[in-house]
Amino acid sequence: MSVNELVAANANAPLATPTYDGTGQTVYPDVARIPGGLGPQGFEYWMGITLYPDGVDTTESPSILASHDGTTWVVPAGLTNPIAAPATGFWPDPDLTFDPAKRRLYLFWLGMRVAWTDNGKDWTAPFVLVSTLSGEVSPAVIKDSGGYKMWSVQKVDAGATNKIFHRTHDSLETTWPADVTECTFTPPSGKEPWHMDV
């Protein structure tokens, strides 16, 4: 079996991921583990996902699931998915980051948008954290002793020169400056970068 076949293969026993459309078909999972749990039900595992039923991308808007064991996933009581949805188009590429000092969970998605919660069910209205650059997708954010760090990728034609963008800031709740560090790379022929994580 080739590497491509292994990557494309479904799991023998896929986990159930409940969705607001009832299909259970999701993509781009990103999981954050919160020691001690979050919210009234104390879930330790939180997942950001988007729908992708039968390859229809118009339903791709960020949704949240939670779990006590990382295996059985549910929509937390009181939460309505999706967290946000555009009037037209779609919002893929969810990424979750937990700030242990604030006990706050942040959800990012396409367009460098962010929303956050302190209890897992009540989320802020989303706003654009940073102005995007041409073709910029797939934000990935972490927090360390130096503050918050974001990486994203420039998606252009397969095999063409692309860029990875890197930014830093001290807050996820205010607009970031336009400063960015760029790294250029050329993917293998026929391949195009997209969903990255850190």
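The values are calculated or read from the model by the stated rules, or taken from the named source; none is laboratory data. Every value quoted in this text rests on a predicted model; they were computed, and no experiment measured them. Cβ atoms come from the backbone with ideal geometry, glycine included; neighbour counts cover every protein chain shown. Note: areas computed on protein heavy atoms with side chains; ligands, DNA, RNA excluded. Shrake-Rupley method; radii C 1.70, N 1.55, O 1.52, S 1.80 Å.
Can you name every residue in the stretch 1-26 that is at pLDDT below 90, part of a loop (DSSP other than H, G, I, E, B) and open to solvent by 100 Å² or more (accessible area, probe 1.4 Å)?
Answer for the stretch 1-26, where residues must be at pLDDT below 90, part of a loop (DSSP other than H, G, I, E, B) and open to solvent by 100 Å² or more (accessible area, probe 1.4 Å): Met1, Asn10, Asn12.
Kindly list, by first and then second residue, each pair from a residue in the stretch 21-32 that is closer than 12 Å to Val56 by Cα to a residue that is open to solvent by 40 Å² or more (accessible area, probe 1.4 Å) and assigned to a loop (DSSP other than H, G, I, E, B), limited to pairs with Cβ atoms under 7 Å and residues at least 6 apart or on different chains.
Hits for this filter: Gln25/Tyr52; Thr26/Tyr52; Val27/Tyr52.
Which one of the conditions (1) assigned to a strand (DSSP E or B); (2) touching a residue at least 12 places away in the same chain (Cβ under 8 Å) does Gly78 fail to meet, given that it meets all the rest?
So Gly78 meets the others, but not (1).
Every residue in the stretch 169-198 that is among the aliphatic types (A, V, I, L, M), within 19 Å of the chain's Cα centre (by Cα) and open to solvent by 60 Å² or more (accessible area, probe 1.4 Å), please.
Once the filter is applied, which keeps residues that are among the aliphatic types (A, V, I, L, M), within 19 Å of the chain's Cα centre (by Cα) and open to solvent by 60 Å² or more (accessible area, probe 1.4 Å), the stretch 169-198 yields only Val198.
Does the stretch 113-133 include one or more residues that are open to solvent by 40 Å² or more (accessible area, probe 1.4 Å), assigned to a strand (DSSP E or B) and out of contact with any strand residue (DSSP E or B) (no Cβ under 8 Å at 6 or more places or on another chain)?
no
Please identify the pairs in which a residue from the stretch 119-133 that is in contact (Cβ under 8 Å) with a residue 12 or more places away in the chain has its Cβ atom under 6 Å from the Cβ atom of a residue that is hydroxyl-bearing (Ser, Thr, Tyr), counting only partners at least 6 apart or on another chain.
Correct list of pairs: Trp123/Thr117.
Could you check the stretch 99-112 and list, in sequence order, the residues that are within 12 Å of the chain's Cα centre (by Cα) and open to solvent by 10 Å² or more (accessible area, probe 1.4 Å)?
Result: Leu110, Gly111.
Search the stretch 141-166 for residues being of a type in the set (A, V, I, L, M) and crowded, with 19+ Cβ neighbours inside 10 Å, and hand back the single one that is nearest to the chain's Cα centre (by Cα).
This residue is Val141.
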